1. Is the range 99-155 rounded, prolate or oblate when judged by the Cα gyration tensor, a ≥ b ≥ c being the square roots of its eigenvalues, rounded requiring a/c under 1.5 and prolate requiring a/b larger than b/c?
2. At 1.4 Å probe size, put Tyr270, Tyr232, Tyr177 in order of accessible surface, largest to smallest.
3. Below 8 Å between Cα atoms, with a sequence gap of 6+, how large is the relative contact order for the range 122-190 in percent?
4. Would you mind counting up the charge near Trp61? Only other residues with Cβ under 14 Å from its Cβ, with Lys and Arg at +1 and Asp and Glu at -1.
5. Sort the range 173-284 into rounded, prolate or oblate with this rule: let a ≥ b ≥ c be the square roots of the eigenvalues of the Cα gyration tensor; rounded if a/c is under 1.5, and if a/c is not under 1.5, prolate when a/b is larger than b/c, oblate otherwise.
6. Under the definition of Cα pairs under 8 Å and six or more residues apart, what whole-number percent is the relative contact order of the range 76-209?
7. Around Met241, what is the net charge, scoring Lys/Arg as +1 and Asp/Glu as -1 over all other residues with Cβ under 11 Å from its Cβ?
8. Within the set of other residues whose C-beta is less than 11 Å from the C-beta of Ser47, count the net charge using Lys and Arg as +1 and Asp and Glu as -1.
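The values are calculated or read from the model by the stated rules, or taken from the named source; none is laboratory data. It should be emphasised that the depicted structure is a prediction, and the values quoted were computed from it without experimental measurement. Methodologically, a virtual Cβ is constructed for each residue, glycine included, from the backbone with ideal geometry; neighbour enumeration extends over all protein chains shown. These area figures cover heavy atoms from the full protein model, side chains too; ligands, DNA and RNA do not enter into them. Shrake-Rupley method; radii C 1.70, N 1.55, O 1.52, S 1.80 Å.
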Amino acid sequence: MGTVDENVVTIVDPSDKFRPEKDDFRNYTQNNEYFDRVRRTYREMHSTQNVNFVERKMAKWCQFNRGEMTIMEALQLLNSLVDESDPDVDVPNSVHAFQTAERIRSVHPDKEWFQLTGLIHDIGKVLAVWGEPQSCVVGDTFPVGCEFSDHIVFGRESFSDNEDINNPKFNNKFGIYQEKCGLRNVLMSWGHDEYLYRVLVNHESCRLPEEALYMIRFHSFYPWHSSEDYNYLCDEKDMKMLEWIREFNKFDLYSKSDDVPDVDRLIPYYEKLTEKYVPGKIKW
(Lines give C-alpha, C1' and ligand atoms only; values in the text may rest on other atoms or scores of the structure.)
Protein backbone atom coordinates (compact mmCIF):
# COMPACT_ATOMS: atom_id res chain seq x y z
CA MET A 1 0.00 0.00 0.00
CA GLY A 2 2.97 2.31 0.54
CA THR A 3 4.46 2.12 -2.97
CA VAL A 4 3.83 5.01 -5.32
CA ASP A 5 3.01 4.11 -8.92
CA GLU A 6 5.61 5.51 -11.30
CA ASN A 7 2.86 6.61 -13.68
CA VAL A 8 1.55 9.33 -11.40
CA VAL A 9 -1.43 11.51 -12.25
CA THR A 10 -1.14 15.04 -10.91
CA ILE A 11 -4.31 16.52 -9.43
CA VAL A 12 -5.06 19.87 -7.85
CA ASP A 13 -7.67 19.91 -5.10
CA PRO A 14 -7.19 23.25 -3.34
CA SER A 15 -10.85 23.99 -2.69
CA ASP A 16 -10.41 24.54 1.03
CA LYS A 17 -7.99 27.40 0.30
CA PHE A 18 -10.18 29.28 -2.14
CA ARG A 19 -13.65 29.08 -0.65
CA PRO A 20 -15.22 32.53 -0.17
CA GLU A 21 -15.44 32.10 3.61
CA LYS A 22 -11.71 31.47 4.11
CA ASP A 23 -10.04 34.21 6.17
CA ASP A 24 -6.65 33.54 4.62
CA PHE A 25 -7.79 33.81 1.00
CA ARG A 26 -5.30 36.58 0.21
CA ASN A 27 -2.37 34.57 1.54
CA TYR A 28 -2.93 31.88 -1.06
CA THR A 29 -3.37 34.32 -3.93
CA GLN A 30 0.20 35.58 -3.52
CA ASN A 31 1.48 32.57 -5.45
CA ASN A 32 0.33 33.74 -8.87
CA GLU A 33 1.33 30.61 -10.77
CA TYR A 34 -0.52 28.39 -8.32
CA PHE A 35 -3.52 30.70 -8.12
CA ASP A 36 -3.82 30.96 -11.91
CA ARG A 37 -3.67 27.18 -12.31
CA VAL A 38 -6.39 26.70 -9.73
CA ARG A 39 -8.53 29.43 -11.24
CA ARG A 40 -8.24 27.85 -14.68
CA THR A 41 -9.37 24.50 -13.29
CA TYR A 42 -12.42 26.05 -11.64
CA ARG A 43 -13.12 28.20 -14.68
CA GLU A 44 -13.26 25.05 -16.82
CA MET A 45 -15.44 23.32 -14.25
CA HIS A 46 -17.88 26.20 -13.96
CA SER A 47 -18.02 26.74 -17.71
CA THR A 48 -18.77 23.12 -18.61
CA GLN A 49 -20.69 21.61 -15.68
CA ASN A 50 -24.31 22.12 -16.67
CA VAL A 51 -27.36 19.88 -16.86
CA ASN A 52 -26.52 18.39 -20.25
CA PHE A 53 -22.88 17.82 -19.30
CA VAL A 54 -23.69 16.07 -16.01
CA GLU A 55 -26.30 13.86 -17.63
CA ARG A 56 -23.75 12.76 -20.24
CA LYS A 57 -21.13 12.00 -17.58
CA MET A 58 -23.62 9.96 -15.60
CA ALA A 59 -24.65 8.04 -18.70
CA LYS A 60 -20.99 7.22 -19.36
CA TRP A 61 -19.75 6.34 -15.88
CA CYS A 62 -22.90 4.85 -14.36
CA GLN A 63 -22.71 1.89 -16.69
CA PHE A 64 -20.12 0.61 -14.20
CA ASN A 65 -18.21 -1.18 -16.92
CA ARG A 66 -14.70 0.07 -16.11
CA GLY A 67 -13.88 -3.12 -14.20
CA GLU A 68 -14.31 -4.84 -10.85
CA MET A 69 -12.19 -4.19 -7.77
CA THR A 70 -12.49 -4.46 -4.03
CA ILE A 71 -12.44 -1.27 -1.95
CA MET A 72 -8.84 -1.93 -0.90
CA GLU A 73 -7.76 -2.48 -4.51
CA ALA A 74 -9.38 0.80 -5.51
CA LEU A 75 -7.69 2.54 -2.60
CA GLN A 76 -4.37 1.27 -3.86
CA LEU A 77 -4.95 3.20 -7.10
CA LEU A 78 -4.92 6.46 -5.13
CA ASN A 79 -1.19 5.92 -4.73
CA SER A 80 -0.84 6.99 -8.36
CA LEU A 81 -2.46 10.37 -7.67
CA VAL A 82 -0.27 13.31 -6.69
CA ASP A 83 -2.04 16.36 -5.29
CA GLU A 84 -0.09 19.48 -6.28
CA SER A 85 -1.81 21.44 -3.52
CA ASP A 86 0.03 19.26 -1.00
CA PRO A 87 3.71 20.22 -0.51
CA ASP A 88 4.41 16.74 0.89
CA VAL A 89 3.94 15.09 -2.49
CA ASP A 90 6.11 12.11 -1.55
CA VAL A 91 3.34 10.81 0.72
CA PRO A 92 0.90 8.61 -1.23
CA ASN A 93 -2.62 9.98 -1.52
CA SER A 94 -3.97 6.83 0.11
CA VAL A 95 -2.10 7.72 3.31
CA HIS A 96 -4.41 10.71 3.72
CA ALA A 97 -7.36 8.32 3.58
CA PHE A 98 -5.93 6.41 6.54
CA GLN A 99 -5.25 9.69 8.36
CA THR A 100 -8.90 10.67 8.05
CA ALA A 101 -10.12 7.23 9.08
CA GLU A 102 -7.84 7.08 12.11
CA ARG A 103 -8.83 10.56 13.21
CA ILE A 104 -12.47 9.50 13.13
CA ARG A 105 -11.63 6.26 14.93
CA SER A 106 -10.00 8.18 17.79
CA VAL A 107 -13.17 10.21 18.40
CA HIS A 108 -15.80 7.64 17.36
CA PRO A 109 -14.30 4.26 18.33
CA ASP A 110 -17.76 2.68 18.42
CA LYS A 111 -18.76 3.70 14.87
CA GLU A 112 -16.95 1.36 12.51
CA TRP A 113 -19.06 2.47 9.53
CA PHE A 114 -17.96 6.07 10.15
CA GLN A 115 -14.30 5.06 10.25
CA LEU A 116 -14.66 3.19 6.95
CA THR A 117 -16.38 6.19 5.39
CA GLY A 118 -13.34 8.28 6.27
CA LEU A 119 -11.11 5.75 4.56
CA ILE A 120 -13.04 5.50 1.31
CA HIS A 121 -14.62 8.95 0.81
CA ASP A 122 -12.10 10.10 -1.83
CA ILE A 123 -11.75 6.84 -3.75
CA GLY A 124 -13.87 8.31 -6.54
CA LYS A 125 -10.75 10.25 -7.54
CA VAL A 126 -9.76 7.14 -9.49
CA LEU A 127 -11.64 8.95 -12.26
CA ALA A 128 -8.40 10.90 -12.78
CA VAL A 129 -6.47 7.65 -13.23
CA TRP A 130 -8.92 6.74 -15.97
CA GLY A 131 -8.46 9.98 -17.87
CA GLU A 132 -11.07 12.37 -16.53
CA PRO A 133 -9.86 15.99 -16.34
CA GLN A 134 -9.48 17.62 -12.94
CA SER A 135 -12.57 19.73 -13.53
CA CYS A 136 -14.61 16.50 -13.49
CA VAL A 137 -12.88 14.95 -10.47
CA VAL A 138 -11.90 17.35 -7.68
CA GLY A 139 -13.18 20.58 -6.15
CA ASP A 140 -16.33 21.77 -4.46
CA THR A 141 -19.64 20.53 -5.81
CA PHE A 142 -22.91 22.34 -6.52
CA PRO A 143 -26.35 21.66 -8.01
CA VAL A 144 -26.98 22.12 -11.71
CA GLY A 145 -30.42 22.96 -13.07
CA CYS A 146 -30.95 26.04 -10.88
CA GLU A 147 -29.14 29.30 -10.17
CA PHE A 148 -25.51 29.12 -9.07
CA SER A 149 -24.71 30.33 -5.57
CA ASP A 150 -22.23 33.15 -5.05
CA HIS A 151 -20.72 31.04 -2.25
CA ILE A 152 -19.33 28.53 -4.74
CA VAL A 153 -15.54 28.83 -5.11
CA PHE A 154 -14.71 31.97 -7.17
CA GLY A 155 -18.35 33.05 -7.04
CA ARG A 156 -21.18 33.29 -9.53
CA GLU A 157 -19.06 35.35 -11.92
CA SER A 158 -16.97 32.26 -12.70
CA PHE A 159 -20.04 30.70 -14.39
CA SER A 160 -20.30 33.43 -17.03
CA ASP A 161 -19.48 31.00 -19.85
CA ASN A 162 -21.83 28.27 -18.61
CA GLU A 163 -24.61 27.78 -21.15
CA ASP A 164 -27.22 27.26 -18.41
CA ILE A 165 -26.70 30.71 -16.94
CA ASN A 166 -28.67 32.34 -19.76
CA ASN A 167 -31.34 29.66 -19.92
CA PRO A 168 -34.53 30.85 -18.15
CA LYS A 169 -35.35 27.24 -17.38
CA PHE A 170 -32.27 26.94 -15.18
CA ASN A 171 -31.12 30.43 -14.13
CA ASN A 172 -33.62 31.10 -11.35
CA LYS A 173 -33.73 30.10 -7.69
CA PHE A 174 -35.57 26.78 -8.11
CA GLY A 175 -34.83 26.06 -11.76
CA ILE A 176 -36.12 22.59 -12.62
CA TYR A 177 -36.77 21.70 -8.97
CA GLN A 178 -39.56 22.20 -6.49
CA GLU A 179 -39.11 23.76 -3.08
CA LYS A 180 -38.09 21.15 -0.46
CA CYS A 181 -37.85 18.48 -3.18
CA GLY A 182 -34.97 16.78 -1.38
CA LEU A 183 -31.36 16.52 -2.47
CA ARG A 184 -31.98 12.94 -3.64
CA ASN A 185 -33.89 14.57 -6.53
CA VAL A 186 -31.21 17.16 -7.33
CA LEU A 187 -28.60 16.76 -10.06
CA MET A 188 -25.16 17.55 -8.64
CA SER A 189 -22.04 18.57 -10.52
CA TRP A 190 -19.96 15.59 -11.62
CA GLY A 191 -16.91 14.59 -9.61
CA HIS A 192 -15.41 12.00 -7.28
CA ASP A 193 -18.16 12.44 -4.67
CA GLU A 194 -21.04 11.68 -7.00
CA TYR A 195 -19.18 8.86 -8.73
CA LEU A 196 -18.37 6.92 -5.56
CA TYR A 197 -21.89 7.45 -4.26
CA ARG A 198 -23.34 5.95 -7.44
CA VAL A 199 -20.86 3.05 -7.36
CA LEU A 200 -21.85 2.15 -3.81
CA VAL A 201 -25.59 2.47 -4.41
CA ASN A 202 -25.17 0.11 -7.37
CA HIS A 203 -23.35 -2.45 -5.19
CA GLU A 204 -26.08 -4.72 -3.82
CA SER A 205 -23.95 -5.89 -0.91
CA CYS A 206 -23.18 -2.39 0.38
CA ARG A 207 -24.26 -2.19 4.03
CA LEU A 208 -23.13 1.34 4.81
CA PRO A 209 -25.89 3.34 6.51
CA GLU A 210 -27.56 6.29 4.84
CA GLU A 211 -25.51 8.69 6.94
CA ALA A 212 -22.34 7.37 5.28
CA LEU A 213 -23.78 7.71 1.80
CA TYR A 214 -24.74 11.32 2.53
CA MET A 215 -21.20 12.05 3.73
CA ILE A 216 -19.72 10.54 0.60
CA ARG A 217 -22.05 12.31 -1.82
CA PHE A 218 -22.08 15.74 -0.20
CA HIS A 219 -18.79 16.20 1.66
CA SER A 220 -17.61 18.65 -1.04
CA PHE A 221 -20.95 20.50 -1.20
CA TYR A 222 -19.54 23.42 0.77
CA PRO A 223 -22.06 26.05 -0.36
CA TRP A 224 -24.63 23.98 1.52
CA HIS A 225 -22.94 22.71 4.67
CA SER A 226 -20.71 25.78 5.20
CA SER A 227 -22.85 28.64 3.88
CA GLU A 228 -26.35 27.10 4.19
CA ASP A 229 -27.17 27.87 0.58
CA TYR A 230 -29.70 25.64 -1.17
CA ASN A 231 -31.55 24.85 2.05
CA TYR A 232 -34.69 25.61 0.07
CA LEU A 233 -34.11 22.42 -1.94
CA CYS A 234 -33.65 20.27 1.17
CA ASP A 235 -36.30 18.14 2.81
CA GLU A 236 -36.45 17.09 6.45
CA LYS A 237 -34.13 14.12 5.94
CA ASP A 238 -31.46 16.30 4.32
CA MET A 239 -31.47 18.70 7.26
CA LYS A 240 -31.09 15.82 9.72
CA MET A 241 -28.19 14.43 7.71
CA LEU A 242 -26.50 17.83 7.53
CA GLU A 243 -25.13 17.47 11.05
CA TRP A 244 -23.48 14.17 10.12
CA ILE A 245 -21.82 15.78 7.10
CA ARG A 246 -20.52 18.61 9.25
CA GLU A 247 -19.20 16.11 11.78
CA PHE A 248 -17.41 14.25 8.99
CA ASN A 249 -15.79 17.39 7.61
CA LYS A 250 -14.09 18.08 10.92
CA PHE A 251 -11.88 15.08 10.14
CA ASP A 252 -11.64 15.46 6.36
CA LEU A 253 -9.69 18.72 6.44
CA TYR A 254 -6.50 17.25 7.78
CA SER A 255 -3.63 19.21 9.28
CA LYS A 256 -0.15 19.04 7.78
CA SER A 257 1.11 18.24 11.28
CA ASP A 258 -0.78 14.94 11.37
CA ASP A 259 1.43 11.93 11.95
CA VAL A 260 1.77 9.51 9.05
CA PRO A 261 0.07 6.32 10.21
CA ASP A 262 1.57 2.86 9.96
CA VAL A 263 -0.54 1.84 6.96
CA ASP A 264 0.68 -1.77 6.85
CA ARG A 265 -0.39 -2.25 10.46
CA LEU A 266 -3.81 -0.70 9.80
CA ILE A 267 -4.69 -2.60 6.64
CA PRO A 268 -5.96 -5.78 8.38
CA TYR A 269 -8.31 -3.74 10.58
CA TYR A 270 -9.82 -1.86 7.64
CA GLU A 271 -9.99 -4.97 5.49
CA LYS A 272 -12.30 -6.40 8.15
CA LEU A 273 -14.45 -3.28 7.96
CA THR A 274 -14.68 -3.42 4.17
CA GLU A 275 -15.76 -7.06 4.33
CA LYS A 276 -18.41 -6.10 6.86
CA TYR A 277 -19.85 -3.05 5.07
CA VAL A 278 -18.75 -3.18 1.40
CA PRO A 279 -17.77 -6.80 0.74
CA GLY A 280 -16.48 -8.39 -2.43
CA LYS A 281 -15.68 -7.06 -5.85
CA ILE A 282 -17.40 -3.81 -6.81
CA LYS A 283 -18.29 -2.69 -10.33
CA TRP A 284 -16.63 0.61 -11.23
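1. Details: a/c = 3.06, a/b = 1.66, b/c = 1.85.
Oblate, because a/c is 1.5 or more while a/b does not exceed b/c.
2. Descending order: Tyr232, Tyr177, Tyr270.
3. Working: 66 pairs, mean separation 24.2, N = 69.
Computed value for the range 122-190: 35 percent relative contact order.
4. Values: positive: Arg56, Lys57, Lys60, Arg66, Lys125, Arg198, Lys283; negative: Glu55, Glu132, Asp193, Glu194.
Every neighbour counted, the sum reads +3.
5. Working: a/c = 2.45, a/b = 1.52, b/c = 1.62.
Verdict is oblate for the range 173-284.
6. Numbers: 144 pairs, mean separation 30.7, N = 134.
This gives 23 percent for the range 76-209.
7. Values: positive: Arg184, Arg217, Lys237, Lys240, Arg246; negative: Glu210, Glu211, Asp235, Glu236, Asp238, Glu243, Glu247.
Taking every other residue near Met241 into account, the sum is -2.
8. On the way: positive: Arg40, Arg43; negative: Glu44, Asp161, Glu163, Asp164.
Its environment carries a net charge of -2.
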